[in-house]
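All remarks here apply to the structure that follows.
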Amino acid sequence: MRSAGGERGIALLMVIWIFMVLSVLSAEFARAMRDDAIATQNLAEEVQARGVAIAGINRAIYRLLYARQAGAEDDDPDAVGADAPAPWLPDGRWHEEPYWGGTYGVRLIDEGGKISLNRADETLLRKVFETLGMKPDEQEEIVDAIIDWRDSDDLHRLHGAEDEYYMKLPEPYHAKNGPFDSVDELLQVRGITRELFFGERSRGLGSDTLPSIPLREVFSVFNRSANINVRTAPVAVLRVVLGGDEQAVDEIVTARDEDPSSVLGLIRAKVADQVLARRLVDRAPSRVAIEARAMMQNGRVQARVGAVVEIPEDGDGFHIDRWYDRLPAF
């Protein structure tokens, strides 16, 4: 009898353990199924949002082409007619519209309004970092490092850097010794920190805090000339051109909104460096960066895509210089 009771006790324990194991497996299976369902829903929302974002880019290209063909580059609403879509200016402002159960936001930035990273000379590069409030020796180090990165030789400038510096880093790599293909390459150049690249508020010579001037908003690899288009130049570029004079920057921005044709003469009169003043131009944008973000209604997933589009002044249609299938969510 004692043996039979012991066997029944062991059997009961085994049944309890089996039920515990089955309960754990069932809970894990249910969690995995729930995670798969959420992942599937997120993927579906991402695909839909990406389609809406691409529609936003196409809408922006259409507006650019329509404005160019109608002669509305100077933002003259009478030039396009009452039924024509209002032009979206490449000034970095966001435009939002509903589309196919979602909403896209689009902004356009004229690459010609930025400083050419591959064509800027030593003086202009130094002016950028001087406006950031950097000390002269820091300016020399970074400027020389940028020029060494983009030139074709292995000879480093006085304060520059070549392979002998980069190959000694914890994660070594070679100097480019060629033109920048992307502004992001600046993060590989000696002295360029993430704070400089993405922007942070810094202190000048006095006690006042200077506004942020992110290098990624100042430089462009798509501007093929040494000129700067003041008609659409970002505020960060205007701060550099005007030496950080915030009152002058506000005056230029206000004048540009009220009378774009007056900006070139006004800003040239405020720039002391005549070489830089001659590089300031006023023209219709020809290379425009388009950034689009989209989210479906009641969705949790945002899609962001982008493109750099060339719209020739003497031709029809457009050409995509670069396509960004996924952009980081800044």
### Task
Within the stretch 254-267, work out how many residues are of a type outside the set (G, A, S) and surrounded by fewer than 15 Cβ atoms within 10 Å (Cβ to Cβ).
4
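Filter the stretch 218-253 down to residues that are in a loop (DSSP other than H, G, I, E, B) and among the β-branched types (V, I, T) and give me whichever is surrounded by the most Cβ atoms within 10 Å (Cβ to Cβ). Walk me through it before giving the result.
Filtering the stretch 218-253 for residues in a loop (DSSP other than H, G, I, E, B) gives 221-227, 230-234, 242-245.
Adding the requirement that they be among the β-branched types (V, I, T) leaves 221, 230, 232.
Numbers: V221: 21, V230: 23, T232: 25.
Only one residue tops the list, namely T232.
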### Message
Condition first: aliphatic (A, V, I, L, M), over 19 Å from V221 (Cα atoms), in a loop (DSSP other than H, G, I, E, B) and under 23 Å from the mean Cα position of the chain (by Cα). Can you find one or more residues in the stretch 290-302 that meet it?
### Response
yes
## Note on the structure
Expected output for the stretch 291-319 (first residue buried (at least 16 other Cβ atoms within 10 Å of the Cβ), partner assigned to a strand (DSSP E or B) and modelled with pLDDT under 90, Cβ below 9 Å, 6+ apart or cross-chain) is R293/Q302; A294/Q302; M295/Q302
### Query
Mind checking which pairs have a first residue in the stretch 131-155 that is within 15 Å of L215 (Cβ to Cβ) and a second that is hydroxyl-bearing (S, T, Y), Cβ under 8 Å, 6 or more apart or different chains?
L132/S202; G133/S202
### Task
Restrict the check to the stretch 100-119 and report whether at least one residue is under 30 Å from G51 (Cα atoms), without any contact (Cβ under 8 Å) to a residue 60 or more places away in the chain and within 27 Å of the chain's Cα centre (by Cα).
yes
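So, of the residues in the stretch 115-141 that are touching a Phe, Trp or Tyr at 6+ places or on another chain (Cβ under 6 Å) and buried (at least 22 other Cβ atoms within 10 Å of the Cβ), which turns out to be nearest to V221 (Cα to Cα)?
We begin by selecting, within the stretch 115-141, every residue touching a Phe, Trp or Tyr at 6+ places or on another chain (Cβ under 6 Å); these are 115, 117-118, 139.
So of that shortlist, the ones also buried (at least 22 other Cβ atoms within 10 Å of the Cβ) come out as 115, 117.
Details: I115: 9, L117: 6 Å.
Residue satisfying both the conditions and the ranking: L117.
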#### Entry: Filtered residue count, the stretch 148-170, keeping only those that are surrounded by fewer than 17 Cβ atoms within 10 Å (Cβ to Cβ) and under 30 Å from R283 (Cβ atoms)
0
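Being in contact with a strand residue (DSSP E or B) (Cβ under 9 Å, 6 or more places away or on another chain) and in contact (Cβ under 8 Å) with a residue 24 or more places away in the chain is the filter here, so list the residues in the stretch 85-94 that pass it.
Taking the stretch 85-94 and keeping what is in contact with a strand residue (DSSP E or B) (Cβ under 9 Å, 6 or more places away or on another chain), we get 88-94.
Scanning the stretch 85-94 gives W88, L89, P90, D91, G92.
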### Query
Any idea which of (1) at pLDDT 85 or above; (2) touching an Asp or Glu at 6+ places or on another chain (Cβ under 9 Å) is the one Q69 doesn't satisfy?
(1)
### Task
Among the numbered conditions (1) part of a helix (DSSP H, G or I); (2) under 26 Å from E45 (Cβ atoms); (3) among the hydrophobic types (A, V, I, L, M, F, W, C), tell me where A307 comes up short.
(1)
### Task
For residues that are among the basic types (K, R) and closer than 19 Å to K127 by Cα, tally how many sit in the stretch 214-271.
4
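The values are calculated or read from the model by the stated rules, or taken from the named source; none is laboratory data. What you see is a predicted model; the values in this text were computed from it and never measured. Please note: Cβ atoms are built from the backbone with ideal geometry, for glycine as well, and neighbour counts cover all protein chains shown.
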